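Here the structure comes first, spelled out in structure tokens, and everything after it is commentary.
No value in this document is a laboratory result; all are computed from the given coordinates. Small disclaimer: the values here were computed from a predicted structure and weren't measured. Quick reminder, even Gly has a Cβ in these numbers, built from the backbone with ideal geometry, and neighbours come from all protein chains shown.
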Amino acid sequence: MIENKHCCPLPELPSLSTKSLHCLRTPLLNSNKCIGSVDGWLIVSDNSEKGFAKIFFLNPVTDVRITIPSKLYLPSIIGEGISYVSKMTASSKPNCDGSDCYLAGLLSDYYIAIYKLFEKSWTIVEPDKDSGTYFMDIEIIGTKLYVKGSSLLVYDLKDSTNGPPKAEVLAKFPRRPARSSSYISFLAKDKTLRELYFISMYYNREFEAEQFVSYRFNGNITAYTNPPHVTSVEVFKLDTNKSPIGWKNVTLEDKVAFVSKCKSMVMSRDDLNHSEELVRGNSIYFAVTFPCPLFNPLRSFEVGMFCLNDSRVKYGPMETSKHGYVLYPLWFVPSLW
């Protein structure tokens, strides 16, 4: 399922199995923003208090809510107003057995916020902007926080209790193919095998319209007169057995990947308990939005599948509500607990 939060009265869940929309009957999502998911739980940000984010876990099936006791301070950005949490990931769902649960949030000003469940405060990690380092994506595996910058960085979350942890440069990212089209990339994990993936999704740019200056993104962002279309996808797995550590171009075989701005994951197709026709192995399912100021709606929401076997793209037939546009799509697998 894909969760999205936009201007509708209720958030919607387009389902891959039924190819239809399911509305969440919970007031907890009416005015809050979903910024991540973990093991059937949504991670939600309540920004009703200016300058702060109150984070909570929400199980949309049971309507159970677990609130983070410490509020996250959001600094102001010159020319952009107050920053916000663009993505949050967690090491596990909230547990009752006393085991550690870490959260890491990516802020719009490229800072990272780290939190250990039920601690008193958040730890902030600043990027070295003077050297051109910006944090672009994050993922947690165990107690390790992996960060996409100009290189892959890793932080030991156990070292964050007495101040920001120190970064270790782990690997360079794969080079883009020559004459490649525009692309977006995602860090994704296989939680069962504790493996990290880097997935690059290329799309055409023939509909590029104009450039809009954005201080928040340190330069220009592109808008399109018509929605771009995915042309190819590359999948890399972090190989920690070789020296130096690096990325290996792989296929997914019996696995399937789900990628989106706020949540990306790799899992065995068998874990989804769906037919081969419904969920194909060696495929990447994507849910992305592109800014389209001359298009109606203003942002294009695209759901589709790229098959690594034959390099074909199949777009989903699902339609979203006409009351608004999808802004923050993310994947999650519903669970009773």
**OP:** Of the listed pairs 50/166; 33/191; 54/255; 54/172; 93/158; 116/191, which have alpha-carbon separations greater than 26 Å here?
**Re:** 50/166; 54/255; 54/172
Original post:
When ranked by the protection proxy of mean other Cβ atoms within 10 Å per residue, highest first, what sequence do the peptides 260-268, 189-197, 242-250 form?
Top reply: 260-268, 189-197, 242-250
**OP:** Treating cross-link reach as a plain straight distance, find the lysines whose alpha-carbon is under 16 Å from the alpha-carbon of residue 314, omitting any fewer than eight places away in the same chain.
**Re:** 19
**OP:** Would you please put 65-71, 104-110, 231-237, 153-159 in order of how densely packed they are, using the mean number of other Cβ atoms within 10 angstrom per residue and starting with the highest?
**Re:** 104-110, 231-237, 153-159, 65-71
